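Reading through the structure tokens given below for one structure.
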Amino acid sequence: MLSRCVQGEGIKEVLFKKEDKSIKKLYAILYKALEDLDVLNRIYNIYLLKICKNKFLGIILLSVLVQRNQIDGGGKLRREIMKKEKAILQIYHHLKGLVSSISGSGSNVLKETKELTKYFVIYNDSKKSAEELKKWLVIEEDEDVKGLYKIRNDKVKSLIASRIYMKNKIRIIDKTSCLVVQAGNIKRGMVIVDICSSPGSKAICSLISLKKKGFLICIEKNKKRCYTLLVEILKNDDYIGPYTDEHFGEDTKFHLNQKNFFINFKDIYIYYIKHKNNELIIKIFNCNFLDLSYHHFEEFGQIDVVFVDPSCSSSGMPDFAYKENMRRVFPCARGEEKYRGGESCNDSCSDSCSDSRNDSRSDSRNDSRNDDDVGTRGPVEAEVSGALIKPNSNDAAEWSNVSNKKGTCKREIIDYNIYDDVSKGQIPRVPLTFVDKVKKLCEFQKNILNHALVNLKTAKTFIYSTCSFFEEENEQVIQNALRSNTNFSLEKAGTDKFLFNNGQYEFSNKCVRTFPGRDSCRGIFIAKICRTG
């Protein structure tokens, strides 16, 4: 399961693929392993590197040991680990304490990110359903988004167990998706395009705003994600479909299940759904948006709002810290070259992410750091250079051998904690382990946005958004789009409460940025691009 997470599968997706009655125990073990990955990796290098070639197995066994002070079962590997149980636990608790003391505010904001307020919308008779929920749950309407309700994270299970939820009348959604749709100022009867649409949060918010009349065109390239999108829309029984034809003949309608979608109708790439009153139509393209041109949208005439929400690093999401740790500890498992230290962000990113700013802040954010300055290094790495608890002379010697190996990277554990900047409401720099990924993503994002601006010729407003903190995926993409398309300008993407006033671009104060600790939601970037001629 850990291996599949490292390969890029979602943590919850991996967990629920495993049909096991002990899912809660597996959940706890996996999450604890990911949470402690830096520390467990260091302990693995000391004690298990020579005797356990399967690093995934070694990390999981260590995670079980530090959680339960024992490992069930038998075998040589277990016996070898248990021989050093005392030393392993002593080093684990010492390094965990060190991480907590050094991480500071960044650690606190990471905790806040994991414990965010949960939000949901109620379909149809929302006021009546909300009053029913209030009889036994503490919920309240959000102060910024009409029709959005919030609930404490520890009460979500009770919400899911409610009769209203079981009837598919509730959609749990993050506030940031609502802020994106709010930026479009959607009115009844409009024509909306939602690019990179799955899993459907923006689409569902758009449908609510259209008030049972209008057109929604969704584009989703991935087949599995397109299936998820259709499932989520059709959970609301006001919608009928899917159909394979725009005339909605009964002979073109099929029951949505995996067999039909992935086998019987596998060659279909356009699907239709309609509201039961026949005045709201949804058209879903299961294809690459870059393969679509102006002609695919001619039938809709004037397009009012286009949402462009391309794939991103997801650095604003709660599980990004886990992803960053996995990339650092298992670089080769994803087919990526292991970072060997010494290369600055500036060296590896400035040429490819070409719209970097020509100001002093750019230099200070991307400069190489002095490896001898312990204060700039991660807590576990710094401890290697200092006084580490050494349970006995053999362990001390083994630690010394591992930490000084030629193949061990000085920055292997933690080089930079983005949450230190996020906690201050500042834009973090890209961690070294993500530089190459972000470099590729920002080029893709520029292509998607420019393709939309050029080909959707009748569209008035474009809302660009990502759940990323990094400016390479946000301001630099917007700057590139404005330079390439001179007949567009930016307007305010939200209320003053969410506009970012600490940016280094002339348009920064027109863009929305949210921060978990301040706004009780995920990190989001939103820009509103409007056609001027």
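Every number here is computed from the coordinates shown, using simple stated rules; none is lab data. If you're wondering where the values come from, they're calculated on a predicted model, not measured in any experiment. Note that we place each Cβ from the backbone using ideal geometry, even for glycine, and neighbour counts take in every protein chain shown.
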Problem set entry | Extension gain, Ile172 back to Ser293 (0.36 nm per residue minus Cα-Cα distance, nm) | 40.2 nm
Seminar exercise, completed: Of 465-474, 205-214, 128-137, 177-186, ordering from highest average Cβ density within 10 Å down gives 465-474, 177-186, 205-214, 128-137
Problem set entry | Distance between modelled label sites at Asn260 and Asn487, nm, 7 Å Cα→Cβ extension | 4.3 nm
Problem set entry | Projected label distance in nm at Gln302 and Asn54, using a 7 Å step from Cα toward the beta-carbon | 6.3 nm
For this session: Could you rank the peptides 496-502, 476-482 by their average count of other C-beta atoms within 10 Å per residue, with the highest value first?
Result: 476-482, 496-502
For this session: Find how much the distance from Ala28 to Lys276 grows on full extension, using 0.36 nm per residue of separation minus their present alpha carbon separation; answer in nm with one decimal.
Result: 84.9 nm
Exercise. In angstroms, what radius of gyration and Dmax does the range 117-173 have, counting Cα atoms only?
Worked result: 10.0, 27
Exercise. If the chain between Glu443 and Val138 were fully stretched, how many nm would it gain, using 0.36 nm times the residue separation less the Cα-Cα distance?
Worked result: 105.4 nm
Exercise. If you take the beta carbon distance between Glu85 and Lys157 as r and set R0 to 45 Å, what does 1/(1 + (r/R0)^6) give as a FRET efficiency, to the nearest 0.05?
Worked result: 0.80
Seminar exercise, completed: A correct fewest-to-most ranking of Lys169, Lys157, Lys276 by other Cβ atoms within 10 Å would be Lys157, Lys276, Lys169
Exercise. Over what distance in Å are the Cα centres of the range 462-479 and the range 155-225 separated?
Worked result: 21 Å
Seminar exercise, completed: Per the 1/(1 + (r/R0)^6) rule, R0 = 22 Å and r from the Cβ atoms of Lys146 and Asn236, FRET efficiency to 0.05 is 0.75
Exercise. How far apart, in nm, are two points set 7 Å out from the Cα along the Cα-to-Cβ line at Asp125 and at Asn509?
Worked result: 4.8 nm
Exercise. What is the Cα convex hull volume of the range 152-246 when expressed per residue in Å³?
Worked result: 119 Å³
